[in-house]
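Student: What follows is a structure written as structure tokens; I'll ask about it next.
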Amino acid sequence: MRTTEDIVNKIKGKALLAPMLATTDIPFRRVCREYGAALTCTEMVSAAGILRSSSRSFRNAVFGPDEHPIAIQIVAADPDDGAAAAVELQRLQPDLFDLNCGCPSDRVCEAGAGAQLLDDLSRFGAIIEAVSNATTIPVSVKVRNRGINAKQSVRDIVRTAQDSGAAMITIHARTRSTPYGVAADWTHIADAVSVARIPVTGNGDIFSAADAFRMMDETGCHSVMVARGALGTPWIFRDIAQGRSSNIHEHAPEPAELHALVVQHLGSLRDEFGPIRAVPRMRKHALWYARRFQESAALRRALFADESADAVLDATDRYFAAEPRPLDPDGSDGRRIEAAFRERVLYWIASVLQTQG
Ligand SMILES: Cc1cc2nc3c(=O)[nH]c(=O)nc-3n(C[C@H](O)[C@H](O)[C@H](O)COP(=O)(O)O)c2cc1C
């Protein structure tokens with residue numbers, strides 16, 4: 001039986017890790033789970049890729065036996081393709097399929113998938129119904145709050161999703177065209193909650209446990225989903241799980257814990273992706289961890305001085321072993337670096353989408 005209760009009972013906590021392209025791979029998901037993420041999710045997996053047996057699409061869907069509960073996110077334009085991909089992927093036995101109805105990229109939307117699905121709610125409903133009926137695995141949907149150019153009401157989106165068989169829904173409180181520089185509008189999450197019979201997960205701009213508890217208080221959402229707020233700061237899940245309404249710096253790991261975490265995470269990336277393919281991911285995570293510290297520019301130079309995974313790991317190991325001093329988060333450097341990180345992550349997604357062909 002595929003019920004909301006089945007999946008809700010498996011999610012033992014309030015903070016979920018968001019799907020992130022080329023980021024929520026097995027090593028990063030494990031880090032977040034160890035810090036208390038109650039559900040993790042693969043990056044988006046193309047239904048078309050699964051149907052043409054693309055090894056990359058299957059690789060993106062695979063997870064370890066220790067990773068439950070886990071969702072595989074499917075991106076599809078066509079109900080039949082979505083359903084056929086779910087049938088293929090059910091062999092992996094994820095706990096949940098998440099349907100991507102929020103990706104804003106031109107490439108995904110021009111193919112009729114991602115946020116484009118919200119342009120026509122009957123097609124949106126049809127794809128949820130098709131994927132839900134294809135297997136016994138529950139289906140959640142991840143949407144932008146008002147579809148393309150704020151055309152839809154979030155209430156209609158929620159009603160359509162639940163009437164079509166969705167077990168859960170995540171609202172990323174931005175429209176397709178809202179940039180990261182504009183604050184997510186959480187009032188749409190509260191609006192979604194007001195009509196929902198299924199659990200609503202709120203998403204957008206959670207960078208600390210304090211933000212998470214504020215979102216739950218202000219909107220009444222069932223849980224929160226964290227994306228950028230977990231990059232380089234995965235202990236956000238521990239703060240939320242422990243009910244600390246704190247900022248991200250208050251309970252940051254001590255230098256020895258942070259050093260061990262970073263070395264273990266980058267080492268797992270090297271082992272998972274191999275000495276060449278792992279390098280871009282290792283560099284990104286190293287810099288995301290280092291952005292809160294002084295002299296991160298020196299680490300950046302060291303990371304790009306050599307193309308091997310071992311050299312990247314050595315440079316990062318040396319940087320964190322030396323216990324770099326934290327930047328003042330409220331000082332001008334701390335604020336500038338954090339603002340640039342939050343907005344620039346987008347450019348990285350765009351470049352990944354272009355190079356993934
Ligand atoms: C690097 C990166 C990759 C992303 N890839 C996906 C994806 O594959 N599927 C998806 O539904 N959303 C994706 N997103 C959007 C996030 O899941 C999330 O909805 C958005 O970043 C807002 O949450 P935040 O404010 O916590 O970052 C991605 C975001 C980032 C930063």
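Student: Confirm whether Asp78 is more than 10 Å from the ligand (Cβ to nearest atom) and either surrounded by fewer than 23 Cβ atoms within 10 Å (Cβ to Cβ) or at negative phi (or both).
Tutor: When the stated conditions are applied, Asp78 passes them.
Student: Return the residues of the stretch 1-32 that are away from the ligand (no atom under 16 Å from the Cβ) and in a helix (DSSP H, G or I); say none if nothing qualifies.
Tutor: Matches in the stretch 1-32: Thr4, Glu5, Asp6, Ile7, Val8, Asn9, Lys10, Arg30.
Student: With outside any loop (DSSP other than H, G, I, E, B), among the aliphatic types (A, V, I, L, M), in the same structural domain as Cys109 (by TED's automatic domain parsing) and free of Cβ contacts under 8 Å to residues at least 40 places away in the same chain as the only criterion, which of Ala161, Ala183 stands out?
Tutor: Ala161
Student: Then there is this: Quick check: anything in the stretch 216-236 over 20 Å from the mean Cα position of the chain (by Cα), away from the ligand (no atom under 14 Å from the Cβ), outside the structural domain of Glu323 (by TED's automatic domain parsing) and crowded, with 16+ Cβ neighbours inside 10 Å?
Tutor: Checking the stretch 216-236: at least one residue is over 20 Å from the mean Cα position of the chain (by Cα), away from the ligand (no atom under 14 Å from the Cβ), outside the structural domain of Glu323 (by TED's automatic domain parsing) and crowded, with 16+ Cβ neighbours inside 10 Å.
Student: Which of (1) in a helix (DSSP H, G or I); (2) more than 23 Å from Ile7 (Cβ to Cβ); (3) without any contact (Cβ under 8 Å) to a residue 12 or more places away in the chain is the odd one out, the single condition Ala48 does not satisfy?
Tutor: For Ala48, the exception is condition (3).
Student: Only residues that are closer than 22 Å to Ala173 by Cβ and away from the ligand (no atom under 13 Å from the Cβ): list them for the stretch 90-108, please.
Tutor: Leu96, Asp106
Student: Starting from residues that are buried (at least 20 other Cβ atoms within 10 Å of the Cβ) and among the aliphatic types (A, V, I, L, M), keep the ones in the stretch 39-60 and report whichever is farthest from Gln162 (Cα to Cα).
Tutor: Here the answer is Ile50.
Student: OK, next. Any residue at all in the stretch 57-64 that's closer than 29 Å to Trp288 by Cα, part of a helix (DSSP H, G or I) and either away from the ligand (no atom under 15 Å from the Cβ) or among the hydroxyl-bearing types (Ser, Thr, Tyr) (or both)?
Tutor: yes
Student: Are there any pairs with C-beta distances below 7 angstrom linking a residue in the stretch 197-210 that is closer than 15 Å to Ala37 by Cβ to a residue that is of a type in the set (Gly, Ala, Ser) and assigned to a helix (DSSP H, G or I), with the two at least 6 apart or on different chains, and if so which?
Tutor: Ile206/Ala212; Ile206/Gly229
Student: I've got another one for you. Report every pair of residues separated by at least 6 positions or lying on different chains whose Cβ atoms are under 6 Å apart, first residue within the stretch 124-137 and surrounded by fewer than 22 Cβ atoms within 10 Å (Cβ to Cβ), second of a type in the set (Val, Ile, Thr).
Tutor: Gly125/Thr160; Ala134/Val87
The values are calculated or read from the model by the stated rules, or taken from the named source; none is laboratory data. Just so it is clear, the model here is predicted, and its values are computed rather than measured. Reconstructed Cβ throughout: ideal geometry from the backbone, glycine too, with neighbour counts over all protein chains shown.
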